[in-house]
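Before any comments, here is the structure.
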Amino acid sequence: MERLIRLLTTRPSWLRGRLGVIGLPYAWLLIFFLFPFLILAKISISEMDTVVVKNILSYADGVITLVVKLGNYSFLASDDLYWMTYVASLKYAAATTVLCLFIGYPFAYFMARAKSTTQPALLMLVMLPFWTSFLLRVYAWKGLLSDHGWVADLLIATGLDQVLLAMGLISAPGKFMNTHFSLVLGMTYTYLPFMILPLYSNLAKMDIRLLEAAADLGSTPWVTFWKITVPLSKAGIIAGSMLVFIPCVGEYVIPELLGGPETLMIGRVVWDEFFSNNDWPMAATVAVVMILLIIVPLAIFNKYQAEAQEAR
């Protein structure tokens, strides 16, 4: 009988190991994502009392009272300014993601096909900007794009300022700072390594024999690239795009330093609500909606992707 009880109450070692491996990431997400999100959601339905946020639960005379304020959400839904800011943030993030993919994919492909002795040096060059402060790197672009900055002078000398003006990315010839161009350029420069690294990791593991087989069957390099290389690197493209798109939506520093007052993004709105207006519930509401706008489509996409992989 004791042996039977021991067998029923003792889990196998492989099961304990599996629970430990799976449980640690979930515990990390629970502590550092779900709990802070719930606190933020709780603030969004609370009321502001001068400089502190009121508690939604109160106890008096043996009665527990729950006060939930949904006015911030209804105001957010009816105010066009907030929705225009959300759309602008998504637009800038999407443009940055496309540019990072357009620039980063050839570079990652070149790194993956380089000699094994050269790849560590190329990888170090990609990671080299991380050795410098993010704020300093962004602030340096103010000098490069301002009047008589060498990047600004180069763009003017090559006539690219006229092209940017025709595309509506700058407001006047030779004026690059505080424009759509400076904002997207700063975000592309900052988040480009986050696109290159997942792509390189994916392309470096690709089986070269597939490309050789396609060449033996008469496929041209361009057709081989589109029919074999790109589909096999889809996981790297998705991972890199998510690593770029998600932080770009809520970016604050780059729009503040390079975008100017006309390029309003949601990160800046959250900052203004928190620190300028001292309206923490409204700021939390804006942040909660921003998180849901990102998380919900990602969850749906991952669900359908998992179902498609199981159907294969």
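The values are calculated or read from the model by the stated rules, or taken from the named source; none is laboratory data. Note that this is a predicted model, so its numbers are computed, not measured. Cβ atoms come from the backbone with ideal geometry, glycine included; neighbour counts cover every protein chain shown.
Among the residues of segment 125-139, is there at least one that is within 30 Å of M290 (Cβ to Cβ) and touching a Lys or Arg at 6+ places or on another chain (Cβ under 8 Å)?
Yes: one or more hits.
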Within segment 43-74, track down each residue that is surrounded by 10 or more Cβ atoms within 10 Å (Cβ to Cβ) and touching a residue at least 24 places away in the same chain (Cβ under 8 Å). I43, S44, I45, S46, E47, M48, V53, K69, L70, N72, Y73
Does M127 satisfy the condition of being out of contact with any Asp or Glu (no Cβ under 7 Å at 6 or more places or on another chain), part of a helix (DSSP H, G or I) and surrounded by fewer than 13 Cβ atoms within 10 Å (Cβ to Cβ)? yes
Being small (G, A, S) and within 22 Å of G71 (Cα to Cα) is the filter; apply it to segment 245-282 and report the residue that is surrounded by the most Cβ atoms within 10 Å (Cβ to Cβ). G267
Go through segment 210-221 and give me each residue that's over 21 Å from I237 (Cβ atoms), part of a helix (DSSP H, G or I) and of a type outside the set (A, V, I, L, M, F, W, C). E212, D216
With (1) within 27 Å of L81 (Cα to Cα); (2) surrounded by 20 or more Cβ atoms within 10 Å (Cβ to Cβ) as the list, and G240 as the residue in question, which single condition is left unmet? (1)
Just a yes or no: is a residue in segment 89-103 touching a Pro at 6+ places or on another chain (Cβ under 6 Å) and either surrounded by fewer than 17 Cβ atoms within 10 Å (Cβ to Cβ) or not in a loop (DSSP other than H, G, I, E, B) (or both)? no
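I need the full set of residues from segment 11-57 which are farther than 24 Å from F75 by Cα, of a type in the set (G, A, S) and either modelled with pLDDT of 75 or more or touching a strand residue (DSSP E or B) at 6+ places or on another chain (Cβ under 6 Å) (or both), in order please. Show your work before the answer.
Step one: list which residues in segment 11-57 are farther than 24 Å from F75 by Cα, which gives 11-35.
With the extra rule that they be of a type in the set (G, A, S), the set shrinks to 13, 17, 20, 23, 27.
Correct list: G23, A27.
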Tally up the residues in segment 156-209 that are outside any helix (DSSP H, G or I) and either in contact (Cβ under 8 Å) with a residue 60 or more places away in the chain or closer than 30 Å to T229 by Cα (or both), please. 6
